[in-house]
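Here the structure comes first, spelled out in structure tokens, and everything after it is commentary.
The values are calculated or read from the model by the stated rules, or taken from the named source; none is laboratory data. In this text, all values refer to a predicted model and were calculated from it rather than measured experimentally. Cβ: placed from backbone, ideal geometry, glycine included. Neighbour counts: every protein chain shown. Keep in mind that these areas ignore ligands, DNA and RNA; they rest on the heavy atoms of the full protein, side chains included. Shrake-Rupley method; radii C 1.70, N 1.55, O 1.52, S 1.80 Å.
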Amino acid sequence: MKIFLLSAHQVLDFTCHKTYQRYIQQANQLEKVQRNKLKVFLGQHISQNLSYEQFTKKFPLTRYGDWKSKIEQAHSTGKNTLGPSKIIRFQLSSASSEAIQFIPYTQLFLDELDAAIGFWLSHVYCEYPQLKKSTHYWAVPWLAESQSKFLENSSLNDKRGLRNLSKGVLNKITQSVPSEIALASSVDDALFATATYLVADKRLGMIAVWSPTTALQLLDMIQQFQDEIVQVLKSGKWMREGLNFLDVPKSCEQCYKLQQLNLTEPSAWKKLWPKLSLISTWDTASAPQWIEQLQQRIDGVAFAEKGLWTTEGVVTIPFTDRFPLSYQSHFYEFLLQESNQVVPSWQLKLGDIVSPVITTGSGLIRYVMDDELEVTDFYQQIPCFQLLERKMTVNLAEENLITMQRCGQL
């Protein structure tokens, strides 16, 4: 297993480094890269060759409500009504204006996300080379039963395959937790299964979650249900019927460790996971107070900020203590808060307060994200941002977890 893990990370590192180099080498060609991205998108989606200026006149700004009927039609008919690329799955999102949102994920869109993930992961490998010898946990959104049925009924959806086969194999080797956990019958079961898989993984090196509250919830779950997790790892059987569809992790070594640990001690977590070196989460708005709690709960682990990622797309990625635009991913415009005008990324100025407007391979065109950012710096020609306010909710699963915590249910 160790050889497979090292080999998988070597392949990922090589692929990611190529993405990293492209980002650096073209950082002084922002307008050229972005105009070309728009040209390719328009050629694929509407078979027209429009300039940016013509594009803005032809297509208005949009929000989820403008796409809802087309997304529902794609789900019911099995045909992608948003663009030419096959929809691989619908990904759950949540926002203050819409109770439930399903964003179509196509291969074109996943390739755009890969541009950001590859850059970030290459940077992480350089900063923390020990991660090449460990497994990682990337948070998996939980799907409520009604939402899961929405996905199951779609002939377009592939719940298990976000990537191509080769990437799927690499992910299975390098990831601690299977994506199928998203199909658990309740958020409590999903969190328990995640905690159990993490405890069972002695090679865990990185935990990457949207919000620090999610990491806190995982630690709370392990601490509160320590005895139950021990029984699962010892017996190889779930004690919860809602998890019977999942393979059961089994580890006598980790089971014994967990039995011996006092998890109220900050040093205990490194004894459970000796290779754990990094927790990645966002650090904006109310997050710092939760990160401080997380730092008090667990010793000997570094904390790294995320950029602005949402279900609809990625905007910024961390790099050299800044958060530059992920300009190799989507086509970006920005809504100026002061004047309510829309400008392309290459026209941003220092101090601008903006909301992102993205056009992506999912088929969403000029989609307004109501997050508020400030242009604080430039990396060569690439604007760097500080996230001032997140107007969208974290994630429906995380929102439920926070609510349950406040209500004393966890």
Which one of L336, V375, L325 is farthest out on the positive end of the charge dipole of the stretch 233-392, using unit charges on Cβ (Lys, Arg +1; Asp, Glu -1) and the Cα centre as origin? L325
What is the projected area of the convex hull of the Cα atoms of the stretch 16-90, averaged over all directions, in nm²? 6.9 nm²
Accessible area per residue for the stretch 225-315 in Å², computed with a 1.4 Å probe and the full protein assembly in place, what is it? 47 Å²
Top to bottom by accessible area (1.4 Å), largest first, where do W290, W269 land? W290, W269
With every protein chain left in place, what is the accessible area of H17 in Å² (1.4 Å probe, nearest 10)? 80 Å²
Select from L364, L350, S267 the residue farthest towards the positive end of the dipole of the stretch 266-368; place +1 on Cβ of Lys and Arg, -1 on Cβ of Asp and Glu, and compute about the Cα centre. S267
Heavy atoms only, probe 1.4 angstrom, no DNA, RNA or ligands counted: give me R22, R366, R322 ranked by accessible area, highest first. R22, R322, R366
Charge dipole (debye, nearest 20) of the stretch 227-313; +1 at Cβ of Lys and Arg, -1 at Cβ of Asp and Glu: 380 debye
hull vol. (C-alpha, convex hull) per residue for the stretch 306-352, Å³ -> 99 Å³
Sort K271, K237 by accessible area with a 1.4 Å probe, largest first. K237, K271
Along the three principal axes, how long is the stretch 167-288 when you take its alpha carbons, biggest first, rounded to the nearest angstrom? 41, 33, 28
Could you look at the stretch 349-391 and say what percent of its accessible area is carbon and sulfur, using a 1.4 Å probe and all protein chains? 42 percent
In the stretch 171-243, taking the dipole from +1 charges on Lys and Arg beta carbons and -1 charges on Asp and Glu beta carbons about the Cα centre, the listed residue (T213, Q231, F192) farthest towards the positive end is Q231
